[in-house]
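The values are calculated or read from the model by the stated rules, or taken from the named source; none is laboratory data. What you see is a predicted model; the values in this text were computed from it and never measured. Glycine also receives a Cβ, built like all others from the backbone with ideal geometry; neighbour counts cover every protein chain displayed.
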Amino acid sequence: MAERSEMREVKIKVNDEWVTGLVKSSTTLLRFLRDNGFTEVKKGCDEGDCGACTVLLDGKAITSCLILALQADGKEVTTIKKTGDQLLETLKEAFVKYEACQCGFCSPGTIITARWLLNENPRPNREEIRDALSGNLCRCTGYQKIVDAIEHVSET
Amino acid sequence: MEHKDKQKQTFYVVGKRLDGLDEKAKVAGSVIYADDFTMERMLYAKVFRSTRASAKIKSIDTTAARSLPGVVTVITAEDVPNNRSVTGAVGQTAELGLVQTVQQLVLAEDRVRFYGEPIALVAAEDPDIAKAALKLIKIEYEDIPGVFDPEEAMKDDTPKVHGDNNIIAHWELRRGDIDKAFREADVIVENDYQTQFQEHAHLEPESGVAWIDDDGVLNLRVATQVIEQYREIAHILGIAESKVRIRGTLIGGGFGGKEDLTVEPYIALLSWKTGRPVKLTYEREEMMYGRHKRHPYKMRYKHGATKDGQLVAMEATLISDSGAYVYLSSWVLLYSTVHSTGPYYIPNVKVDSYSVLTNNIYTSAFRSFGAIQVAVACESQMDILARELKMDPAELRAKNYLKTGDKTGTGQRIDSEVLLTETQEAAVKALGDRSKPSAPYMKVGRGFASCWQSYGRMCYLHDTSSAWVGMELDGSAVVRCGIPDLGGGQRESLRQIAAELIGAPLERVHVISTDSQVTPLAGTVTATRALFMSGNAVKLAAEAIRHDLLQKASEMLGENPENLDMCDGEVFASRNRENKIPLAQVVKAIKSEGNPLEVLRTFRAPAAEPVTREILEGQIFPDFTFGSQAAEVEVNTLTGKVNVSKMVGAYDVGKAINPKRVEGQIEGGMAQGLGYALLEEFIEDKGIPQNVNLTTYILPTSKDVPDIQSIILESGSGKGPFGAKGIGEPAIVATAPAILNAIYDAVGVRIKKIPATPESVFYHLKERGERT
């Protein structure tokens, strides 16, 4: 167990809830989130290659495995479980309707990326959607229906 | 009394693009995947793995690791009650026959045979402590010569990986008089082809938690394609099979990567020893170098044809790299051998296939299970042959496609409809107009390939699948079925089938699945068998319930049962919907008479005698799915980079239970096939892994895969529920050859070794002497 002196306290707002905890300086935001029950944020590779751990940090899409918990101290994290976000809900419905979700493991990260994209660019074309998604690996869908779902949401 | 199977005319649920409850739960983030699950007092495990490809273990000292504060136990081979695997392969209930079964080891004993081979296990209070403990294990190796090329490994004077022979399987196809046929052929085409190690790269790592419950039963909650593995675990621990329970989770992708034992033996051993829950989740790097891959193949193919394009002879030699342990290699080889002819009728056939041990990463199941490698060779051959004959490749294939009633290379009669010509036409047509090149140094090309893939396991395994359906008093229903869900909607298909037949609304049908002590065993989610087997099992059970419901409703409505139908919680007269009654009322009436309306049924696949000779003969598989894919590529002649600009996949799936899920399989399979063709290769150099993460093992991203069009044809002639066939594996088979044929069309170079990386294409172009 790490020495007490190596542990520091962090306070991070996750989906409208302030979460405090003790972390090592090397603890990633991903580890902090999952250890505190936010298991909707998935660990696919832990080294920034797959995008499964994507969350919004102060509104910007980041891979939480590459951010230290201490770096997120005092900031706001958004996962797919955030309530009261109509655009997020619409995206989730579209993912179901368009079958953009098969095994679902990439979906929490992919939907957050989509949420961020539509904030930056409310009417992206298919190429822009593919561009934005290029950091989210999906092994099941071939991306077709993911692009369809996001395109549909952007058009309505 | 059994319901006489009458083909349903009107469908309310099956065939519709309905939204699934599982998908809703997934996007809500509420599904608890294997690694999301925790228990009180849970320990975290890590696996200590070999860093040599071929060595004796001179000594191993775990003292320092054991002494690290927070480490609870360290296990090596001597702590394992039964370290040698009984069954040579997973879920098998019949003998393999000829094949030499080399046992798998739970943990390495005195020798390691591949880099990454598990040697010891650590359980600690914290995953970081477990990781630190691995570094404290002291091991002394003594290198022994290894062998890394399967052709080399076939020779007498090379190092032997196990026993005294590296060849662990040999299969044959024999038909007609091959020498005579080649003598009489007008055109002969002979080429060598080669395929690579491919990594499953499912996004969810292998993971599970084991614990002993208050009944003394060892529970494993694990992402697995095979819950029947509880038998294997019981054997390893030396306890009764009834004392091991596997609860499968909704899986974050498998593709055959979660079919053999993964974390199960390790968490079982550690939990059994410590008495505490234990979790093990693999790291991505560990998955890359420690877990099995798709078999690389070397293939020599020779085709003979008449000048008007009739195939008269085919001869092939296949050599597959089994890696350091057998696992499913002999079965994969069997699939390759059967599928090696391609979906064509060829009167004279001679195929010899070999699977060979090496000190490379071990190889086992991966989507398509051996049919994909031979398709690369076979469909390239057909294209080459067509050009030799100055014939349209489409016409050449159409002339030789298998037809209903034809016999395959093993003499199995094709009894379903064969829509190959229709899929070929649909795929090619959907490509539309040829795109213009985007620059003068870009060349556009088009290609297509046809394919076949079995669905259902090999007949001699006597495969079965069971399901239970029960009605609740309020007209809702519970379906219990052991089938695991890989992410392809296996469970949702069962929900749709049950809802259709018992008339309950989709969202009121609860499916409880994948628990070896709670749900009837339905077999593996492998071999494109899930819908075929578990779908038929649910159908049988639901039809029996349906019969009783319609019988009682006919009394209550004064109509013959044949004139009644059900949907959305109501039973009604087909010709007059106003004559109706709530389903719940019918259920209550039946139950009050002492009929519990609970039915357990077992579906049995067509069975055959065990394979006893090396020559494969007779009915090997229940049936096959046929399809075609077409691709348009743009080749950058300056860099060799191939961009796929359009892709189409057309398949006869018999009956689409939910079309959008079928499309999802086709599209996903094609993307994985694109990776196989152009991007993906796991590389080892004398058994040492060279690329162990997702930056150096290149997976297709959203920018590599173009818009894909999936076309569904429905012949209704499959052996699955409502005439369905399977699509999971067929979807990946034709992609690589379609792309290779398109590359040839674009720049006139024939790539016979995949992946067709930019370097490979560039050097082929250079050799050919043309750059623009």
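Every residue, every condition in (1) part of a loop (DSSP other than H, G, I, E, B); (2) crowded, with 20+ Cβ neighbours inside 10 Å; (3) at pLDDT 95 or above, yes or no:
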residue: B:Arg41; (1), (2), (3): yes, no, yes
residue: B:Val47; (1), (2), (3): no, yes, yes
residue: B:Thr51; (1), (2), (3): yes, no, yes
residue: B:Ala64; (1), (2), (3): no, no, yes
Checklist entry - Looking only at the range A:45-91, which residues are under 25 Å from B:Ala201 (Cα atoms) and not hydrophobic (A, V, I, L, M, F, W, C)? => result A:Asp46, A:Glu47, A:Gly48, A:Asp49, A:Gly51, A:Thr54, A:Thr63, A:Ser64, A:Thr79
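A quick yes/no check of all residues on (1) more than 21 Å from B:Ala656 (Cα to Cα); (2) among the β-branched types (Val, Ile, Thr); (3) away from chain A (no Cβ under 14 Å):
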{"residue": "B:Pro440", "(1), (2), (3)": "yes, no, yes"}
{"residue": "B:Gly475", "(1), (2), (3)": "yes, no, yes"}
{"residue": "B:Gly503", "(1), (2), (3)": "no, no, yes"}
{"residue": "B:Val511", "(1), (2), (3)": "no, yes, yes"}
Item to check | Evaluation of B:Asn643 against (1) surrounded by fewer than 24 Cβ atoms within 10 Å (Cβ to Cβ); (2) at the interface with chain A (Cβ under 10 Å from one of its Cβ atoms); (3) polar (S, T, N, Q) (one fails), failing number | outcome: (2)
Checklist entry - Under the condition of being buried (at least 22 other Cβ atoms within 10 Å of the Cβ) and under 21 Å from A:Leu133 (Cβ atoms), which residue from the range A:63-77 is nearest to the other protein chains (Cβ to nearest Cβ)? => result A:Cys65
Checklist entry - Looking only at the range A:100-128, which residues are surrounded by fewer than 24 Cβ atoms within 10 Å (Cβ to Cβ) and among the hydrophobic types (A, V, I, L, M, F, W, C)? => result A:Trp116, A:Leu117, A:Leu118
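Residues that are modelled with pLDDT of 95 or more and within 30 Å of B:Val278 (Cα to Cα): which helices (runs of 4 or more DSSP H) entirely in the range B:118-188 hold 1 or more of them?
B:127-135
Answer yes or no as to whether A:Glu40 is within 10 Å of chain B (Cβ to nearest Cβ), closer than 30 Å to B:Gly248 by Cα and more than 15 Å from the chain's Cα centre (by Cα).
Values: within 10 Å of chain B (Cβ to nearest Cβ): yes; closer than 30 Å to B:Gly248 by Cα: yes; more than 15 Å from the chain's Cα centre (by Cα): no.
Answer is no for this residue.
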Item to check | Hits in the range A:88-145 - residues which are closer than 19 Å to B:Gln709 by Cα, more than 8 Å from every other protein chain (Cβ to nearest Cβ) and either in a loop (DSSP other than H, G, I, E, B) or touching a Pro at 6+ places or on another chain (Cβ under 7 Å) (or both) | outcome: A:Ala100, A:Asn125
Checklist entry - When the range B:135-153 is examined, which residues are found to be over 27 Å from the mean Cα position of the chain (by Cα) and buried (at least 17 other Cβ atoms within 10 Å of the Cβ)? => result B:Leu136, B:Ile137, B:Ile139, B:Tyr141, B:Gly146, B:Val147, B:Ala153
Checklist entry - loosely packed, with under 15 Cβ neighbours inside 10 Å, at pLDDT 95 or above and β-branched (Val, Ile, Thr) - does that describe any residue in the range A:20-29? => result yes
Next on the checklist: Just checking, does the range B:539-558 include any residue being more than 14 Å from every other protein chain (Cβ to nearest Cβ), at pLDDT 95 or above and within 30 Å of B:Ile372 (Cα to Cα)?
Outcome noted: no
Next on the checklist: Whether any residue in the range B:197-207 is modelled with pLDDT of 95 or more, out of contact with any Lys or Arg (no Cβ under 8 Å at 6 or more places or on another chain) and either more than 14 Å from chain A (Cβ to nearest Cβ) or under 30 Å from B:Ala671 (Cβ atoms) (or both) is what I want to check.
Outcome noted: no
Next on the checklist: For the range B:655-677, which positions are more than 13 Å from chain A (Cβ to nearest Cβ) and within 19 Å of the chain's Cα centre (by Cα)?
Outcome noted: B:Ala677
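Can you tell me which residues in the range A:22-45 are among the aliphatic types (A, V, I, L, M) and without any contact (Cβ under 8 Å) to a residue 60 or more places away in the chain?
Looking only at the range A:22-45, we keep the residues that are among the aliphatic types (A, V, I, L, M), and these are A:22-23, A:29-30, A:33, A:41.
Residues satisfying the conditions are A:Leu22, A:Val23, A:Leu29, A:Leu30, A:Leu33.
Mind telling me which of the residues B:Ala541, B:Ala498, B:Ala522 ends up being closer than 21 Å to B:Met471 by Cβ and assigned to a loop (DSSP other than H, G, I, E, B)? Walk me through how you get there before you give the answer.
Values: B:Ala541 fails: assigned to a loop (DSSP other than H, G, I, E, B); B:Ala498 fails: assigned to a loop (DSSP other than H, G, I, E, B).
Step by step, each of B:Ala541, B:Ala498, B:Ala522 is checked, and only B:Ala522 is closer than 21 Å to B:Met471 by Cβ and assigned to a loop (DSSP other than H, G, I, E, B).
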Item to check | B:Glu395 surrounded by fewer than 24 Cβ atoms within 10 Å (Cβ to Cβ) and touching a residue at least 12 places away in the same chain (Cβ under 8 Å) | outcome: yes
Item to check | Scan of the range A:51-62 for residues that are within 14 Å of chain B (Cβ to nearest Cβ) and either out of contact with any strand residue (DSSP E or B) (no Cβ under 8 Å at 6 or more places or on another chain) or at pLDDT below 95 (or both), ordered by number | outcome: A:Ala52
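Residues checked against (1) of a type outside the set (Phe, Trp, Tyr); (2) touching a helix residue (DSSP H, G or I) at 6+ places or on another chain (Cβ under 8 Å):
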{"site": "B:Gly163", "(1), (2)": "yes, no"}
{"site": "B:Trp171", "(1), (2)": "no, yes"}
{"site": "B:Arg175", "(1), (2)": "yes, no"}
{"site": "B:Asp179", "(1), (2)": "yes, no"}
{"site": "B:Glu184", "(1), (2)": "yes, no"}
{"site": "B:Val187", "(1), (2)": "yes, yes"}
{"site": "B:Tyr193", "(1), (2)": "no, yes"}
{"site": "B:Leu203", "(1), (2)": "yes, no"}
{"site": "B:Gly208", "(1), (2)": "yes, yes"}
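For the range B:358-369, which positions are over 10 Å from the mean Cα position of the chain (by Cα) and assigned to a loop (DSSP other than H, G, I, E, B)? Walk me through how you get there before you give the answer.
Here is the first cut: in the range B:358-369, the ones over 10 Å from the mean Cα position of the chain (by Cα) are B:358-364.
Correct list: B:Thr358, B:Asn359, B:Asn360, B:Ile361, B:Tyr362, B:Ser364.
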Checklist entry - Is there any pair linking a residue in the range B:239-263 that is in the same structural domain as B:Leu107 (by TED's automatic domain parsing) and of a type in the set (Ser, Thr, Tyr) to one that is in a helix (DSSP H, G or I) and buried (at least 24 other Cβ atoms within 10 Å of the Cβ), with Cβ under 6 Å and at least six apart or on different chains, and which? => result B:Thr249/B:Ala34
